[in-house]
Amino acid sequence: MNLQLPERVYAFGCHLLFSTCVALLSAALVFWVWYPGLLAYASGVQNIFLLLLVVDVILGPVITLIIFNRQKKELKRDLAIIVIVQVAAMLYGLHTVFIARPVYIAFTLERFDVVYANQISSENLAQAIRPEYRTLPLFGPKFIAAPLPDDLKAREAIVMGAILGNGDDVQEMPQYYVPYSEQKGQVLKSIKPLSTLKLFNKSRLQTVDALIYKYATRHVDVGYLLVKGKINDLTAIINQSSGEILEMTDLDS
C-alpha cells in the first residue's frame, strides 16, 4: 500500500497537469478569441464555462487518484475511459460555447446589438447580398451596421416582427448588413455625452470621472452608445470626430 500511494499521487499529478494545460488552452480560445474583452460578461458565458472547466479539470484526476493501481489488469482501459469522457465533456462544452458565440456587434438605429451565431438562421445567411456576410466570423466578432431597409413594407414587417416577437430583427438579417464605416454619420448623430453616464452610475462616479479624465488628457472628444448584450449590457466609448469605437466598458448606459 505504501508503495502504491506515491504512484497514485504521481499519476494524479500528471493527469492534473495535462488537464490544466488543456483547460488553459480552451479558456484562451473562448475568452480571447470567441468572447474577447467584456463580451464574455455581456453574454453570460464566463460562469458556465469556468464551472465546466473546474469540474472537467478536477474530476478526471481525482478518479485517477482513486482507481490507479498497476496491479489491475483493467487499468489501461479504465484510464482510457476517463480520458475519453473528459475529452468528450470538454469538446461538448466548447461546441456549445462556439455555436452561441458573438459574431457581430451591429449598429442598429441608436445603439449597438451583440449578435450571436445561433441567432442567424441559415436561410437569412444565404440571403446576404455582400459575400463577406454569407459566412459567420470564426475568430471573434466584427463591427457592422444593420440599417432598416428603405422599402416601407419590409421595414414595417421587421419592426412589427420584432415588437410581437414572431420575426427576426434587422441585426439578425445579413441581407441588410453594411460595413460599419457606411453608417458612421448616423452613429455620430446618435452619440450621447460621456458626462450623461453619471446619471446611471451614481455608485461608480469615480469610474466615470476617470474615463472622462482619460480622454480629456488625450484631447479626444468622446461620447457613448449602449451595447445590448444577451445577459448584461455594455457601453461603447466612441470618438465623436471619426466614429471609431475606442473601447467598451461595463458602465450602465
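The values are calculated or read from the model by the stated rules, or taken from the named source; none is laboratory data. Please read all numbers here as calculations on a predicted model, not as lab measurements. FYI the Cβ positions are ideal-geometry reconstructions off the backbone, even for glycines, and counts take in every protein chain you see.
Brief remarks follow.
- The single condition from (1) farther than 24 Å from Thr235 by Cα; (2) under 23 Å from the mean Cα position of the chain (by Cα); (3) not in a helix (DSSP H, G or I) that Glu132 fails is (3).
- Subset of the stretch 84-134 (residues that are under 19 Å from Leu50 (Cα atoms) and aliphatic (A, V, I, L, M)): Val85, Val87, Ala88, Ala89, Met90, Leu91, Leu94, Val97, Ile99, Ala100
- Listed by first and then second residue, the pairs linking a residue in the stretch 199-221 that is within 17 Å of Gln240 (Cα to Cα) and assigned by TED's automatic domain parsing to the domain that holds Glu244 to a residue that is in a helix (DSSP H, G or I) and hydrophobic (A, V, I, L, M, F, W, C), with Cβ atoms under 8 Å apart and 6 or more places separating them unless they lie on different chains, are Leu211/Leu194; Leu211/Leu197; Ile212/Leu194; Tyr215/Leu194.
- From the options Thr20, Thr64, residue that is in contact with a Cys (Cβ under 9 Å, 6 or more places away or on another chain) and farther than 30 Å from Ile191 by Cβ: Thr64
- The stretch 1-47 - residue that is aromatic (Phe, Trp, Tyr) and part of a helix (DSSP H, G or I) and, of those, surrounded by the most Cβ atoms within 10 Å (Cβ to Cβ): Trp34
- Only listed residue being among the small types (Gly, Ala, Ser), closer than 28 Å to Phe139 by Cβ and either touching a Gly at 6+ places or on another chain (Cβ under 7 Å) or assigned to a helix (DSSP H, G or I) (or both), chosen from Ala88, Ala106, Ala80: Ala88
- Within the stretch 184-202, the residues that satisfy the criterion of being under 15 Å from Pro147 (Cβ atoms) and surrounded by fewer than 21 Cβ atoms within 10 Å (Cβ to Cβ) are Lys184, Gly185, Gln186, Leu188, Lys189, Ser190.
A quick yes/no check of all residues on (1) surrounded by fewer than 19 Cβ atoms within 10 Å (Cβ to Cβ); (2) assigned by TED's automatic domain parsing to the domain that holds Tyr177; (3) modelled with pLDDT of 90 or more:
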| site | (1), (2), (3) |
| --- | --- |
| Phe49 | no, no, no |
| Pro61 | no, no, no |
| Ala80 | yes, no, no |
| Gln86 | no, no, no |
| Val114 | no, yes, yes |
| Ser121 | yes, yes, yes |
| Ala128 | yes, yes, yes |
| Glu132 | yes, yes, yes |
| Leu136 | yes, yes, yes |
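- Hey, Arg155 in contact (Cβ under 8 Å) with a residue 40 or more places away in the chain and over 25 Å from Ala42 (Cβ atoms) or not: no
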